[in-house]
Amino acid sequence: MIKEEYSSTENDITSAQIEHLEAVDSWGGASHSVSYVYRPATKEQLYEIFNLAQRSGRTVGLRGGGQSYGDAAMNSENILLDMRRMNRVLAWDPMTGIVRVEPGVTISQLWQYILEDGWWPPVVTGTSYTTIGGCAGMNVHGKNAYQVGPIGDHILEFDMMLLSGETITCSRQDNSDLFFAAIGGFGMLGIFTSITMQMKRVYSGYLDVFTQTQNNLDGMFEYFETYVDSSDYIVGWIDAFAKGSALGRGDVHRANYLPPGADLAPSQSLRLDNQHLSPNMFGVMPRSIVWLFMRPFMNNLGTSLVNRAKQISGYFGGSRQYRQTHAAFHFLLDYVPDWKNAYGSGGLIQYQPFIPKETAHDAFADILRLCQRRGILNYLTVFKRHRPDEFLMRHGLDGYSMAMDFRVTDARREPIEKLAFEMDEIVLAAGGRFYLAKDSTLRPAVAEAYLGKATIEKFKAVKRKYDPQDLLQTDLWRRIFADL
Amino acid sequence: MADSRTPAKRPLVTRPRAIVIGASSGVGAALTRRLVLSGYLVAAVARRQEMLEDLCTSINASLPTENNQVIWPYAHDVTNFEEIPDLFQEIVQTLGGLDLIVYAAAVQPAVGAQEFNFDKDRAMINTNLLGAIAWLNQAAVRFERARGGQIVGISSIAGERGRVAGPVYNTSKAGLNTYLEALRNRLSRRGVTVTTIKPGFVETRLLQNAAKTFWVISPEDAAKQIHTAIARRHQTVFIPKRWLVVGLIIRHIPSFIFRRLSF
């Protein structure tokens, strides 16, 4: 059946494709597109879609969980491969912690597959809906990026299907040019068909979590520098409304794995039943409707009140310590389903610059003040520590990142874009970098400035080698890199 | 594969994209100009290539110097029905998407009071009605799947009743009205707006063969009002508004009187 659908003849390309036309939005909901969406389940189907693309003169974009905030997984008016049907765990060895998965396996699927054997993915995103293929393509990081780097640092090898139909195996030794370019190569070189990764041993289903309120940016930085060596995870939440001496105030959460023996009944705490979130909040309110109650606070007044309340409660509460399950600590973004709906129909974008530790403090202070001057404040600001890595199109560096969520409305589109351009200047002057999974505003010249001409040329050379027809494209590729 | 490049380079600040069929003269040309000036990227489709190129040149000249193309000319005769599906696909890919389609193509040859000329009749049905169906069907399929978009048909007050002066012109516009109404009923539940524009007399080539004229407005005035109707996502609009009253009266004149009238 499926076979027939894909093997359309020359004459009915148009009608066959119309069947696949779908509206595809950016995760943040601020950009919209229409694409010919295909959902292959096997390599044979993938190959037939490549042929269809070549016959019909359309490019092919790749999409995993569709969690990229901007246009990284969109391919307007062209073919878009939703990879979520290639979602089998191909091999799992609970002795060594090495897992081999298809690209459509989600983080959610992965951790649930391995946790009861006492393992956890070394790098997870803030939502568990991302796929491993998407994570590898974007070389994502977690709240432990400063210790373990991005997910690419834990990928041992992968199989990649090229547009020619050939599949090649890449590792740090074999086809290493493709290995270092495809991880973080945002789907421009080939299609991951299997990814082999090393998981991390855990001795409990819990983490020891510490929270503390910081009164300003100095406090934030000091806390991070004090605890980076001794903590497994650190993440800061900044109140973008705080001004003057309180600029950059917020909460910090850090967490540590429990050492062997600290959890007396790990077989209990590692069980999936123990990890799963309750469907209700406060015991009564279904979590699926919580976003409705957040809706009235998604404006400058509402969020500043909420932030103020959190600051005051944190002030009286001081620092706290508690145990939390892995799932609850990591997947905060999943805790309130559809929370992005609280931002309204215009959606949101994220702006996340990465800045070296030497210049980060001043640059972030400048950025926070600039947003305040422009009257465009972000309602969620996440602060993280990173380390450099060896991938070609990396965003990681020895420094900090600040992820800022901006609510988009029709009236704010141009001002937000202008603000992003102004922030770009600060980031570039501070020697910073950008992260394509989050991006909606990067311009070619800025990309060239932070990546360097040589890096882009090198990436394009790899692309010419493995995708000579330039068949793999996305809206993001055309926006930033196609003309460079 | 650089040809599949979309013009949208700013995800936050995108420009809406439109196809105007029948863009080379009259209301179509004036509306094309207005759409471009208000920020649309427009594919201008028309039969007469030279007039189309003149239009593009004059529109480009009236714009501040910009690097990016904002208007794409396509020479096409709407009665070449079989080339429409591919052309539609090509245009949409070039524009990088589609938000609006306007069908403004129409012909009205001079028809004598007692003339029954099938060649002229067929030309009117082909251009005014079948061309519209061929083009707007394409847009309907796409907009339904995309869950949004706007379809605009430039019909006429002439479609309200069948009159002695123009049996088949009236028929073509009445057919268009009914087709658009049906599209609206099919698509409005899918987030698609279908707008029927019913102009009275507009100072265009079509008017040369109209018998008696009054309340004549310029194509620019008509385009301005149509643009407003598009922006407000209206359903059915008389241009100018006073024709609503005329339409209402004409529709309700009983046949035993209407068949004795001479217009």
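The values are calculated or read from the model by the stated rules, or taken from the named source; none is laboratory data. Just so it is clear, the structure is predicted and the values come from calculations on it, not from any experiment. Here the Cβ is made from the backbone with ideal geometry for all residues, glycine too, and neighbour counts use every protein chain on show.
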Item to check | Breaking point among (1) facing another protein chain (nearest Cβ under 10 Å); (2) hydrophobic (A, V, I, L, M, F, W, C); (3) in contact with a Gly (Cβ under 6 Å, 6 or more places away or on another chain), for A:ALA53 | outcome: (3)
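Give me the residue from region A:151-200 that is among the β-branched types (Val, Ile, Thr) and farther than 19 Å from A:GLU44 by Cα and, out of that set, surrounded by the fewest Cβ atoms within 10 Å (Cβ to Cβ). It would help to see each step written out before you state the result.
Taking region A:151-200 first, the residues among the β-branched types (Val, Ile, Thr) are A:151, A:155, A:167-169, A:183, A:191, A:193, A:195-196.
Next, from what is left, pick out any that are farther than 19 Å from A:GLU44 by Cα: A:151, A:155, A:183, A:196.
Values: A:ILE151: 29, A:ILE155: 24, A:ILE183: 28, A:THR196: 18.
For region A:151-200, the residue satisfying everything is A:THR196.
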Checklist outcome for this item: Here the residues within region B:133-170 that are outside any strand (DSSP E or B), among the small types (Gly, Ala, Ser) and free of Cβ contacts under 8 Å to residues at least 60 places away in the same chain are B:ALA134, B:ALA140, B:ALA146, B:GLY148, B:SER155, B:SER156, B:ALA158, B:GLY159, B:GLY162, B:GLY166
Checklist entry - How do the strands (runs of 3 or more DSSP E) wholly within region B:16-89 filter down when requiring 3 or more residues that are within 14 Å of the chain's Cα centre (by Cα), without any contact (Cβ under 8 Å) to a residue 60 or more places away in the chain and away from every other protein chain (no Cβ under 14 Å): which remain? => result B:41-46
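Taking B:VAL152, is it on the phi < 0 side of the Ramachandran plot, β-branched (Val, Ile, Thr) and away from chain A (no Cβ under 14 Å)?
Numbers: on the phi < 0 side of the Ramachandran plot: yes; β-branched (Val, Ile, Thr): yes; away from chain A (no Cβ under 14 Å): yes.
Yes, satisfied.
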Checklist outcome for this item: Restricting attention to region A:327-367, the residues that are part of a helix (DSSP H, G or I), at pLDDT 90 or above and in contact with a strand residue (DSSP E or B) (Cβ under 6 Å, 6 or more places away or on another chain) number exactly 5
Checklist entry - When the residues of region A:427-453 are filtered to those that are surrounded by fewer than 17 Cβ atoms within 10 Å (Cβ to Cβ), more than 12 Å from chain B (Cβ to nearest Cβ) and in contact (Cβ under 8 Å) with a residue 40 or more places away in the chain, which remaining residue is nearest to A:THR130 (Cα to Cα)? => result A:GLY431
Checklist entry - Taking B:GLY112, is it out of contact with any Gly (no Cβ under 7 Å at 6 or more places or on another chain), over 26 Å from B:LYS198 (Cα atoms) and at pLDDT below 95? => result no
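Residue-wise test of (1) more than 26 Å from A:GLY244 (Cα to Cα); (2) assigned by TED's automatic domain parsing to the domain that holds A:PRO286; (3) crowded, with 18+ Cβ neighbours inside 10 Å.
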{"residue": "A:ALA309", "(1), (2), (3)": "no, yes, no"}
{"residue": "A:PHE331", "(1), (2), (3)": "yes, yes, yes"}
{"residue": "A:ASP338", "(1), (2), (3)": "yes, yes, no"}
{"residue": "A:PHE364", "(1), (2), (3)": "no, yes, yes"}
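Report whether or not B:LEU63 is more than 23 Å from B:THR204 (Cα to Cα) and buried (at least 23 other Cβ atoms within 10 Å of the Cβ). Break it down into steps so the answer makes sense when it comes.
Numbers: more than 23 Å from B:THR204 (Cα to Cα): yes; buried (at least 23 other Cβ atoms within 10 Å of the Cβ): no.
Considered against the rule, which asks whether it is more than 23 Å from B:THR204 (Cα to Cα) and buried (at least 23 other Cβ atoms within 10 Å of the Cβ), B:LEU63 comes out as no.
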Next on the checklist: I need the full set of residues from region A:235-280 which are outside any loop (DSSP other than H, G, I, E, B) and in contact with a Phe, Trp or Tyr (Cβ under 6 Å, 6 or more places away or on another chain), in order please.
Outcome noted: A:GLY236, A:ILE238, A:GLY250, A:ASP251, A:VAL252, A:ARG254, A:ALA255, A:PRO266, A:SER269
Next on the checklist: Quick check on A:SER68: is it surrounded by 24 or more Cβ atoms within 10 Å (Cβ to Cβ) and in contact with a Lys or Arg (Cβ under 8 Å, 6 or more places away or on another chain)?
Outcome noted: yes
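Tally up the residues in region A:459-477 that are charged (D, E, K, R) and away from every other protein chain (no Cβ under 14 Å), please. Write out each step before concluding.
In the first step, residues of region A:459-477 are kept if they are charged (D, E, K, R); the result is A:460, A:463-465, A:467, A:470, A:475.
Subset that is away from every other protein chain (no Cβ under 14 Å): A:465.
Of the residues in that region, 1 qualify.
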Checklist outcome for this item: Among A:ILE18, A:ILE107, A:ILE79, the single one that is in contact with a helix residue (DSSP H, G or I) (Cβ under 9 Å, 6 or more places away or on another chain), within 14 Å of chain B (Cβ to nearest Cβ), more than 22 Å from A:LEU442 (Cα to Cα) and buried (at least 18 other Cβ atoms within 10 Å of the Cβ) is A:ILE79
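Any chance region B:233-241 includes a residue that's over 22 Å from B:VAL102 (Cβ atoms) and either of a type outside the set (D, E, K, R) or within 17 Å of the chain's Cα centre (by Cα) (or both)?
Looking only at region B:233-241, we keep the residues that are over 22 Å from B:VAL102 (Cβ atoms), and these are none.
No, the conditions are met nowhere in region B:233-241.
Based on this model, can you work out whether A:VAL24 counts as of a type outside the set (Ser, Thr, Tyr), at the interface with chain B (Cβ under 10 Å from one of its Cβ atoms), touching a residue at least 24 places away in the same chain (Cβ under 8 Å) and touching a helix residue (DSSP H, G or I) at 6+ places or on another chain (Cβ under 6 Å)? First the steps, then the outcome.
On the way: of a type outside the set (Ser, Thr, Tyr): yes; at the interface with chain B (Cβ under 10 Å from one of its Cβ atoms): yes; touching a residue at least 24 places away in the same chain (Cβ under 8 Å): yes; touching a helix residue (DSSP H, G or I) at 6+ places or on another chain (Cβ under 6 Å): no.
The answer is no for A:VAL24.
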Checklist entry - Looking only at residues in region A:401-426 that are of a type in the set (D, E, K, R) and in a strand (DSSP E or B), which one is farthest from the other protein chains (Cβ to nearest Cβ)? => result A:ASP405
Checklist entry - Since B:GLN225 meets every condition but one in (1) in contact (Cβ under 8 Å) with a residue 40 or more places away in the chain; (2) within 14 Å of the chain's Cα centre (by Cα), which condition does it not meet? => result (1)
Item to check | Pairs, first touching a residue at least 12 places away in the same chain (Cβ under 8 Å) and farther than 25 Å from B:PHE81 by Cβ in region B:110-125, second among the aliphatic types (A, V, I, L, M) and surrounded by fewer than 18 Cβ atoms within 10 Å (Cβ to Cβ), C-beta under 8 Å, six or more apart | outcome: B:ALA113/B:VAL164; B:ALA113/B:ALA165
Checklist outcome for this item: All conditions in (1) part of a loop (DSSP other than H, G, I, E, B); (2) within 10 Å of chain A (Cβ to nearest Cβ); (3) aliphatic (A, V, I, L, M) are true of B:VAL92 except (1)
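Just wondering, is there one or more residues in region B:170-177 that are surrounded by fewer than 16 Cβ atoms within 10 Å (Cβ to Cβ) and in contact with a Leu (Cβ under 9 Å, 6 or more places away or on another chain)? Before the answer, list the steps.
Applying the first criterion (surrounded by fewer than 16 Cβ atoms within 10 Å (Cβ to Cβ)) to region B:170-177 yields none.
Within region B:170-177, not a single residue is surrounded by fewer than 16 Cβ atoms within 10 Å (Cβ to Cβ) and in contact with a Leu (Cβ under 9 Å, 6 or more places away or on another chain).
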Checklist entry - Residues A:ILE456, A:ILE376, A:ILE480: which one is at pLDDT 95 or above and within 14 Å of another protein chain (Cβ to nearest Cβ)? => result A:ILE480
Checklist outcome for this item: Scanning region A:340-368 for residues that are under 16 Å from the mean Cα position of the chain (by Cα) and of a type in the set (A, V, I, L, M, F, W, C) gives A:LEU348, A:ILE349, A:PHE354
Checklist entry - Given the conditions (1) in contact with an Asp or Glu (Cβ under 7 Å, 6 or more places away or on another chain); (2) away from chain B (no Cβ under 14 Å); (3) not hydrophobic (A, V, I, L, M, F, W, C), and given that A:ARG84 satisfies all but one, which numbered condition is not satisfied? => result (1)
Checklist outcome for this item: Sole miss for A:GLY165 among (1) modelled with pLDDT of 95 or more; (2) touching a Lys or Arg at 6+ places or on another chain (Cβ under 9 Å) is condition (1)
